[in-house]
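Colleague: Quick one: the structure is below, questions incoming.
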Amino acid sequence: MDDTSSIKSARRRRPSLAVAPLQTVPRVYFDENFRLENPRTFDVVSERSEVIKSTVPAGQGENGVGALAAQSQRKALATNAILQEKLSWYMDTVEVHLISSISTASSSFFAALGDLRELHSEAAASVHKIQALRKELVRLDEEQAVKGLEIVRLRRRRDNVAKLERAVKQIEQVTLGVQQVEKSLEHHEIETALDVIVETERLLAGEGEGLIDLRGVRSLEAVMADLNHLRYRIGKAYEARFVQCLLDDLRFHVERVPSSETLRRFAQSFQREQYQRFLNSQQKNNFFPPPRSSSLPPEFAILSDSLRNLLKQHLDGLQRANHINDAVQAYRDAVIKEAKNLIRRNLPSEGDADSVASNISHLSRRSRSGGIRQSSADKSQALTRALRLLGPADAEDLLVKIYTGVSELIRRLGSQQKMLLDVTMQMGETGVGGMLSPRLEQNGFQNGFSSEMHRSRSESDPTISMDISDLISSAVEISQSHIVKLVKVRTEQVAHYPPDMFIRYFTLTRLFAQECEAVSVRVGPGLQNAVSNQIRDFLSAYQDDRIRNLADCLEKDKWAAKEFEPERQKSLDRILKAATTDPEEWVGIGRLWEIRAREQGETIKLPPPPSETDDNPANGVVAPAATEPPKKLTHAIVDDQKFILPESGLLVLTEIESYLRLVVNMPGVTQELGSNILQFLQLFNSRTFQLILGAGATRSAGLKSITTKHLAMASQALSIITTIIPYIREALRRHSSSPNLVADFDKLKRTTQEYQDEIHGKLISIMSDRARTHVATMKKMNWDEVWVGEDGRYYMDILCRETGVLYKVLNKHLPLPEVRGIMGPVFQDYADKLVDGVSGAVVRTEDGKKRMARDAETFRTKLGGLEGCGNAGEIVMDAVGSKALSTTPGPTEDDRSNRAGTPLARNAPHNPLMNGN
């Protein structure tokens, strides 16, 4: 109590003293991490005072008294008055400094509070001023602005009334104009009626000083409809004149030009490039072939001036009547109908001509509607019989008439198109050109009301154009569609043509198809597909024979390596060369060239076309240089890669050359032949897969089992197919631009590689199964006792021997990269399974672990040097080294006696891969 009262009295006396500086307070109190619960901080603050006074435990004697004496030097915290005085002093010092700082900052705080009150007073005054200004603005708006706006409104009303008066007078003139047009049409004064319509439309459009655009007035919609109807009647009159003019010219031209002249033009168009190449080659040898026929302009290109003048008159009327688009459509319909009639007129039975157009679709199938009259069906059947009874020569005459007639028709259409474009260019200043040709429209041949009407018409129908190139394409399409149906009727007869007649038929149809492609921007594949189907029928015997031979060869193939003769290597080199150029051994002489040479009295042999430069291969496929093969070969060589092939592999290479020879000598059927090649190779792939992976060869060829050698030979056969597919694809690409064909061969290559990968996967899978069997045996073994068969054959010896046999066979028949690609996954699987076996096996003694380590060493020693092994041996060794001994109890004596004498892994399943190498 005395100490406490003295401390309080000291604190009451302290304010009278001078303020002590903060430096007198120890720095530990100002530390940011000051925590009194921290033992070190508490020790510093308490000046190492003792919190609880220690006592000497009973029984410690003198030693306890000595320890207590050592601790008695530290003061007790509860009775340490000096420490309490210091702490009180520190607190007073801090309090004094805080009070001093607060008193110093109080004056600035009250000053800021006064400024805030002044700002509030000023804001209130500003609000009062703004309210007064708003009241003043409202007063000004009511007294001045509203009255001014009323004056403006009244003036505008006066102007609108005046405009309404002018509009009523304008409507009166429009009504009188419509009546005048009707009277002119009643008297067949078409030109006058058209002039009045144009003037009336100017009034409606408000084109003129003081006129108003009345086209938006709803009450005048009936008047505008009447004007459109009157203009349509005028346009129909001009349309009839325009269509009849052009149609008469077409008919006259088709009937006047003989078929022989058209065929000559066919041949010249097709042979021009080849003939020039032939001519250049002959001139180098100082030989000049007979000159070509006359180079006069063709008949279809000669157009009369009278036709040009008529077209000018009709086009001017159509333009003014805004009837260009309808006239073009009528012209299109008339041309399409004429093309149909041209084919109809040349059919064998004129009596059936009327029913051909509607019944030609029944030539190859029955009608689904069931509503066709019996008489029409009878006519259709009679026409079908008449067409099928035609002999090859008569059928050829029929096709010549139809092909030449259609060709002259579409060629004359092209000449008419050029004349129409020329006429519209000359009429461009009148605005006609702007509606007849997209090119002239872009050049701005528009003026006056016609240009305005054209713009309004274009907004509703932007397709107005006189470019009849689309009409040519439509005529070609409709003609070909009817020709295709006619050709399909004779499919069976064409398939049995003599070879010479079939070539002539094929050549004639090809020339016509190329003629259509030359004049049309859009030619459907119908005719080409129909003829391709007939070619496929003609070649079906050949294709069926190839498929049958391949199937028989695969069924009998023993899958053993065959000698690869030099002639076969030459054949393979020609296949590779075909990727960039046609081999000379394959190039034949065109039959048409021979006939032409005989007609000219000369014996001319067309040399093979100059080959493309060999240093510019397509898509990176480089044809290897022709080298003289050795006398005896055991490998097929492609791009320095060697292949050992079975009998079926040799047959495939032979047949591939046969297919590509047909591609070179039969242009136009590349797609079909490419499909046949695909079918042929797909059959080889699938049958190889079935015979080898499906073990079909054990039944067909009498093989006891499918061994590693058989799998390797199948892999080699598929590998060479994968290698030459890019060359086959590029050879076909040079003769056909079909992207589907290229894509199909790319797909075939991927499929072949997948088959090959599955064969490799089969090898890996079989070895994985063997490893799984051995690992199962390994897990069941008692590693802690001496084995009965320890010195004989057991699981690790079998595993190493099986792997060695596999590697020997693969290394003999497969290239090193493929061997490595197979053995790598095999060894990886070995390592995974053996590590699992080591982990699952129970080893209780060091002897057992040594036995396991000996097996791992055997694995690494015998197989570590093989390709693809990698670090598999080290992985197994590390797994054995890190295995801990098991503490579970071992087997009983009865278990050992039951297992005694049982050889480990002696009765493992037989591995068929080990049969033969």
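Colleague: Report the one residue of Gly848, Gly870, Val838 whose Cα lies farthest in the direction of the positive end of the charge dipole of the range 837-879 (charges on C-beta: Lys and Arg +1, Asp and Glu -1; origin at the Cα centre).
Modeller: Of the candidates, Gly848 comes out farthest on the positive side.
Colleague: Another one. Take peptides 396-402, 409-415 and line them up by average Cβ neighbours within 10 Å, highest first, as a rough protection proxy. Don't skip to the answer; put the middle values down first.
Modeller: Numbers: 396-402: 17.7, 409-415: 21.6.
Descending packing order for the listed peptides: 409-415, 396-402.
Colleague: Hey, another quick one. Can you tell me which of 227-233, 762-768, 185-191 comes out highest on packing, and rank the rest after it, using the mean Cβ neighbours within 10 Å? Before the final figure, lay out the partial values.
Modeller: Details: 227-233: 15.9, 762-768: 19.1, 185-191: 12.6.
Result, highest mean first: 762-768, 227-233, 185-191.
Colleague: Then there is this: Please list, in order along the range 127-144, the HN-Hα scalar couplings obtained from phi with the Karplus expression 6.51 cos²θ - 1.76 cosθ + 1.60 (θ = phi - 60°), rounded to whole Hz, x for Gly and Pro.
Modeller: Values per residue, Gly and Pro as x: 4, 5, 5, 4, 4, 5, 5, 4, 4, 5, 5, 4, 5, 5, 4, 6, 7, 10 Hz.
Colleague: So, one more: Accessible area of Phe538, 1.4 Å probe, to the nearest 10 Å²?
Modeller: Counting only protein heavy atoms, the figure is 60 Å².
Colleague: Sticking with this structure for a sec: For the range 825-834, in order, what is each residue's ³J(HN,Hα) by Karplus, 6.51 cos²θ - 1.76 cosθ + 1.60 with θ = phi - 60°, in whole Hz (x at glycine and Pro)?
Modeller: Computed from phi, the couplings for the range 825-834 are x, 4, 5, 4, 5, 4, 4, 4, 6, 5 Hz.
Colleague: Something else: To make sure I understand the rule: partners must be lysines, Cα under 26 Å from the Cα of Lys577, and not fewer than 8 residues away in the same chain. Which ones qualify?
Modeller: Lys562, Lys605, Lys631, Lys632, Lys642, Lys747, Lys749
Colleague: Starting from the Cα of Glu565, step 7 Å along the direction of its Cβ; do the same at Val127; then give the gap between the two resulting points in nm.
Modeller: 11.7 nm
Colleague: May I pose another question? Under a 5 Å amide H to amide H cut-off, with H placed in plane at 1.01 Å, what residues pair with Ala76 once short-range neighbours are removed?
Modeller: It is Glu50, by chain and number.
Colleague: Nearest 20 debye, what's the magnitude of the dipole of the range 468-586 about its Cα centre given +1 on Lys and Arg Cβ and -1 on Asp and Glu Cβ?
Modeller: Working: 16 positive and 19 negative charges, 51 e Å.
Charge dipole, the range 468-586, about its Cα centre: 240 debye, nearest 20.
Colleague: Roughly how much of Tyr238 is accessible, in Å² to the nearest 10, using a 1.4 Å probe?
Modeller: My reading of the accessible area for Tyr238 is about 20 Å².
Colleague: So if we plug the beta-carbon distance of Ala330 and Ser540 into 1/(1 + (r/R0)^6) with R0 = 56 Å, what FRET efficiency do we get, rounded to 0.05?
Modeller: Numbers: r = 47 Å, r/R0 = 0.83.
Efficiency, rounded to the nearest 0.05: 0.75.
Colleague: In whole Hz, with x marking every Gly and Pro, tabulate ³J(HN,Hα) for the range 856-866 from phi via Karplus 6.51 cos²θ - 1.76 cosθ + 1.60, θ = phi - 60°.
Modeller: Karplus-based 3J(HN,Hα) across the range 856-866 equals 5, 5, 4, 4, 5, 6, 7, 10, x, x, 7 Hz.
Colleague: Moving on to the next point. Output the pairs from Lys812/Lys833; Lys418/Lys485; Lys779/Lys883; Lys779/Lys850; Lys337/Lys488; Lys337/Lys401 with a Cα-Cα distance over 24 Å in this structure; if there are none, say none. Mind showing how you got there, number by number?
Modeller: Numbers: Lys812/Lys833 28 Å; Lys418/Lys485 32 Å; Lys779/Lys883 14 Å; Lys779/Lys850 16 Å; Lys337/Lys488 22 Å; Lys337/Lys401 18 Å.
Violating the 24 Å Cα-Cα cut-off are Lys812/Lys833; Lys418/Lys485.
Colleague: Go ahead and collect, in residue order, the members of the range 633-670 whose backbone nitrogen is under 19 Å from a label point 7 Å along the Cα-Cβ direction of Glu758.
Modeller: What the label zone holds, given the 19 Å backbone N cut-off, is 649.
Colleague: Another one. Out of the range 738-821, which GluC sites (Glu not before Pro) are coil in DSSP terms and have no more than 13 other C-beta atoms within 10 Å?
Modeller: Numbers: sites: Glu754, Glu758, Glu785, Glu790, Glu802, Glu818; in loops: Glu785, Glu790.
Loop-located and lightly packed - Glu790.
Colleague: Ignoring everything but the protein chains, give the 1.4 Å probe accessible area of Lys779 in square angstrom, nearest 10.
Modeller: Probe radius 1.4 Å; accessible area of Lys779 about 80 Å².
Colleague: Using the Cα atoms as the points, what is the convex hull volume per residue of the range 83-221 in Å³? Could you put the intermediate results ahead of the total?
Modeller: Working: hull volume 42.7 nm³, N = 139.
It comes to 307 Å³ per residue, whole-number rounded.
Colleague: Quick one: if you stick a label point 7 Å off each Cα along the C-beta vector at Asp746 and Glu143, how many nm between them?
Modeller: 8.7 nm
The values are calculated or read from the model by the stated rules, or taken from the named source; none is laboratory data. Just so it is clear, the structure is predicted and the values come from calculations on it, not from any experiment. All Cβ positions, glycine included, derive from the backbone under ideal geometry; neighbour counts span all protein chains shown. Side chains are part of the model used for accessible areas, which takes the heavy atoms of the whole protein and leaves out ligands, DNA and RNA. Shrake-Rupley method; radii C 1.70, N 1.55, O 1.52, S 1.80 Å.
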